[in-house]
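To keep things clear, I will list the structure first and then write my remarks on it.
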Amino acid sequence: MTTKSRNYHIQTFGCQMNKADSERMAGILENMGFQWSEDPNNADLILYNTCTIRDLAEQKVYSYLGRQAKRKQKQPDLTLIVAGCVAQQEGEQLLRRVPELDLVMGPQYANRLEDLLEQVFAGSQVVATDPVQIFEDITKPRRDSEVTAWVNVIYGCNERCTYCVVPSVRGVEQSRTPDAIKAEMIELGKQGYKEITLLGQNIDAYGRDLPGVTETGRHLHTLTDLLYHVHDSEGVERIRFATSHPRYFTERLITACHDLPKVCEHFHIPFQSGDNDILKEMKRGYTIEKYRSIIDKIRNCMPDASITADAIVGFPGETEAQFENTLKVVEDIGFDLLNTAAYSPRPGTPASVWDNQLSEEVKGDRLQRLNHLVSQKAMERSQRYLGRVEEVLVEQVNGKDTTQVMGRTNGNRLTFFAGDIDNLKGKIVKVKINEIRAFSLTGEMVN
Ligand code: SAH
Ligand code: SF4
Ligand code: F3S
């Protein structure tokens, strides 16, 4: 390989898994001698880590890619990579669409970037999308934050929700061992990271694929056991986890979150629809009554817990009355935050070929009505913070007002207050909240 300085640029789309993968791939590239370039046009290597959860996400990639493919025609030594979920979904077809590409690699190959690049630099055009065992990563990721970090605990998803591409692009569940996870957390603690979010598409599935069951037939390594196992990681002051699946969510987990002081009182549990018939069509495996009872149990145990979720409107066949059942759930539960989306038919998923698709107009209208209710309810949830003193972990300067810093409460509410980032970064400080908005708070530091 050449010795001249080489710059790379990574653009990441999609969820936290993709962000975590990008940080690892950046670590690998820096290990290989590449240097970060903020401007993609100054980079010798550009990697798009892509998302295909909805059509809009997928289309975004093609427009970015088109521009760089043009540049490559004038600058043939530019290395162009598509990684992530669109890469996995499209595979070889991407090369036909964009022949300038050097490398198409699915999410399971993130840790193998160096090997793949060696093949590219030897002159091949490479497509890596066959299912593989995910390597235990030894490279140090280049993390975006110096305060908070993601730690993958389980890759892939074995569910078959009828709208969702994730199982086909992320592959089957692969859990990391409790000890590998703990070792990473201890290392992060040493490096000064204060908050860790454990990641999995269906984090409640953690450990199902690892060997070992108890006498009662329970898996030996569950998410709950993992929380107890990693809790004493020195230096780490907060632990979060996402995403929870209502079908597998347990009471043991609620107890653990209550008992373990570092585990934040924040639960992200998507419900997707408030209607039982739609939930059945989605193959979610729970009823809305079951979902409500989980939330009740959490709130009985931790009255102040933050509850966030995802929901889809306009699933095929959804009637106005069924949509109103979703509104009803949002009205009754009062989420701190709800990620909403209009249903988008995805290639290869069962629901995409059903003949009862709704019009964009109906979907758009429902999305707007739901979003309106969501911000109203989030504002109501913010009310409880007014006048309260909250512990805020300071992450960075407020980009819009540099006299302020930004951090999060235990319940994950964004919080701003006047302060000096150099003194406060990475510290948990007490902040009296005196101004609230639907999704963020402002306050002042108290002693
Ligand atoms: N594993 C998580 C969700 C992962 S995808 C879970 O089981 O809940 C993130 C969110 O994208 C989903 O919760 C869902 O609300 C949304 N989503 C997934 N597929 C979608 C589709 N085809 N159309 C619209 N939204 C979708
Ligand atoms: Fe998709 Fe369902 Fe798996 Fe979540 S649990 S990633 S929605 S298939
Ligand atoms: Fe998108 Fe893949 Fe995540 S499709 S939401 S980046 S798992």
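The values are calculated or read from the model by the stated rules, or taken from the named source; none is laboratory data. Small disclaimer: the values here were computed from a predicted structure and weren't measured. Here Cβ is always computed from backbone atoms with ideal geometry, including for glycine, and neighbour counts include all displayed protein chains. When the accessible area is computed, the model is the full protein with side chains, heavy atoms only, and any ligands, DNA or RNA have been set aside. Shrake-Rupley method; radii C 1.70, N 1.55, O 1.52, S 1.80 Å.
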| HN-Hα J couplings of the range 67-73 from phi, Karplus 6.51/-1.76/1.60, θ = phi - 60°, integer Hz, Gly and Pro as x? | 4, 6, 4, 4, 4, 5, 4
| said: Just to confirm, what accessible area per residue do you get for the chain at 1.4 Å probe, in whole Å²? | reply: 45 Å²
| request: Rounded to the nearest 500, what is the 222 nm mean residue ellipticity of the chain from helices alone, with -39500 (n - 2.57) per DSSP H run of 4+ residues and division by all residues? | output: -10500 deg cm²/dmol
| Distant-in-sequence amide H partners of Ala342 (H built 1.01 Å from N, under 5 Å) | Val313
| said: As I understand it, the dipole of the chain uses +1 on the Cβ of Lys and Arg and -1 on the Cβ of Asp and Glu, about the Cα centre. Which of Thr214, Gly200, Val330 lies farthest toward its positive end? | reply: Val330
| remark: Once normalised by the length of the chain, the mean sequence separation of its alpha carbon contacts under 8 Å that are 6 or more apart gives a contact order in percent of 10 percent
| How large, in percent, is the carbon and sulfur part of the accessible surface of the range 1-61 at a probe radius of 1.4 Å? | 46 percent
| field | Stretch gain in nm, segment Val362-Lys60, where the contour uses 0.36 nm per residue and the Cα spacing is subtracted | value | 106.4 nm
| request: Compute all pairwise cysteine Cβ distances in the chain, then list the cysteines with no distance under 4.7 Å to another cysteine. | output: Cys15, Cys51, Cys85, Cys157, Cys257, Cys264, Cys301
| field | Theoretical gain in end-to-end length, Glu444 to His372 [0.36 nm per residue, Cα-Cα removed] | value | 23.0 nm
| task | Could I have the simple spin-label model distance between Asp232 and Gln119, label points 7 Å from Cα toward Cβ, reported in nm to one decimal? | result | 4.5 nm
| task | Read phi for every residue in the range 224-236 and hand back ³J(HN,Hα) as whole Hz from Karplus 6.51 cos²θ - 1.76 cosθ + 1.60, θ = phi - 60°, with x for Gly and Pro. | result | 4, 4, 4, 4, 5, 5, 9, 4, 7, 3, 5, x, 6
| request: Grab the beta carbon distance between Asn423 and Glu187, set R0 = 25 Å, and tell me the FRET efficiency rounded to 0.05. | output: 0.45
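For the pair Val353 and Glu324, what calculated FRET efficiency results from E = 1/(1 + (r/R0)^6), where r is the Cβ-Cβ distance and R0 = 25 Å, to the nearest 0.05?
For Glu324 and Val353, the calculated efficiency is 0.40.
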| note | Spelling it out for Thr79: with amide H atoms placed in the peptide plane at 1.01 Å from N, the residues 5 or more places away or on another chain with amide H under 5 Å from its amide H are Leu45, Ile46
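So how do 323-329, 197-203 stack up, highest first, on mean other-Cβ count within 10 Å? Spell out each step's value before the answer.
On the way: 323-329: 19.7, 197-203: 21.7.
Most protected by this proxy first, the peptides run 197-203, 323-329.
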| said: Whole-Hz ³J(HN,Hα) for each residue in the range 49-56, computed from phi via Karplus 6.51 cos²θ - 1.76 cosθ + 1.60 with θ = phi - 60°, x for glycine and proline: what do you get? | reply: 9, 9, 10, 10, 4, 10, 4, 4
| message | Taking 0.36 nm per residue of sequence separation and subtracting the Cα-Cα distance, how much length would be gained by fully extending the chain between Asp130 and Asp179, in nm to one decimal? | response | 14.9 nm
| request: Please give, to one decimal in nm, the separation of the simple spin-label points placed at Met379 and Met32, each 7 Å out from Cα toward the Cβ. | output: 5.0 nm
| Rounded to the nearest 0.05, what FRET efficiency do Ser5 and Asn158 have when you use their Cβ-Cβ distance and R0 = 45 Å? | 0.55
